[in-house]
1. For the stretch 34-89, taking Cα atoms only, what is the radius of gyration to one decimal and the Dmax to the nearest whole Å?
2. Need one number: nm distance between label points at residue 23 and residue 159, each 7 Å from Cα along Cα→Cβ, rounded to one decimal.
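Here, each number is a calculation from the coordinates, and none is a lab measurement. The shown structure was predicted, so the numbers you read here are calculated from the model rather than taken from an experiment. Here Cβ is always computed from backbone atoms with ideal geometry, including for glycine, and neighbour counts include all displayed protein chains.
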C-alpha cells in the first residue's frame with residue numbers, strides 16, 4: 001500500500017480521543033430513530049452470536065482461552081463460561097461471525113449510516129464550499145491490509161471503500 005501509516009502512538013491517541021467522545025454521548029440525547037436502529041442492531045448481533053455459539057471455531061477458542069486462565073470478568077454468549085474480557089470479546093466475535101446471518105437489509109458491509117439531522121449541532125443544510133482535505137477511515141481489519149489509521153490518496157480511499165471498508 002502506498003499510503004503512509006500513522007505511528008502507533010498517534011493511532012493510540014486518536015483511538016483514545018474517539019473513544020472518549022463516543023463515551024460522552026448520552027443514550028437519551030439520541031433521536032428515537034437512532035435508538036431504535038441501535039436496539040435492532042444489538043438484538044441482531046446477540047441472535048447471530050447465540051446461533052454461532054456452538055461453532056467449532058468458537059469452541060476451539062473457548063477451550064484454548066479457558067486453559068490460559070485469568071480473572072472471570074465477562075460471560076461468553078450462549079455458554080456458561082466466564083473469562084477475561086479480552087478473551088470473551090474474541091470468542092463472542094467469532095461466534096457472531098460464524099454463521100452467514102449478517103442482516104444486510106439495513107447496512108451493506110456492516111456500514112451504518114443515518115440522516116445528518118440526527119447529529120446534534122449539525123449545520124443544516126449540509127453544504128460545503130470545498131471538499132474535505134482529510135477523511136478519517138476507521139478500520140477493524142482482521143487481515144492486516146490496513147493499519148488502524150492510514151493516510152490514503154483519493155484513489156486508495158475509493159478502492160478501500162468499494163472493497164468494504166467504511167470511511
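1. 12.9, 41
2. Those two pseudo-labels are separated by 3.7 nm.
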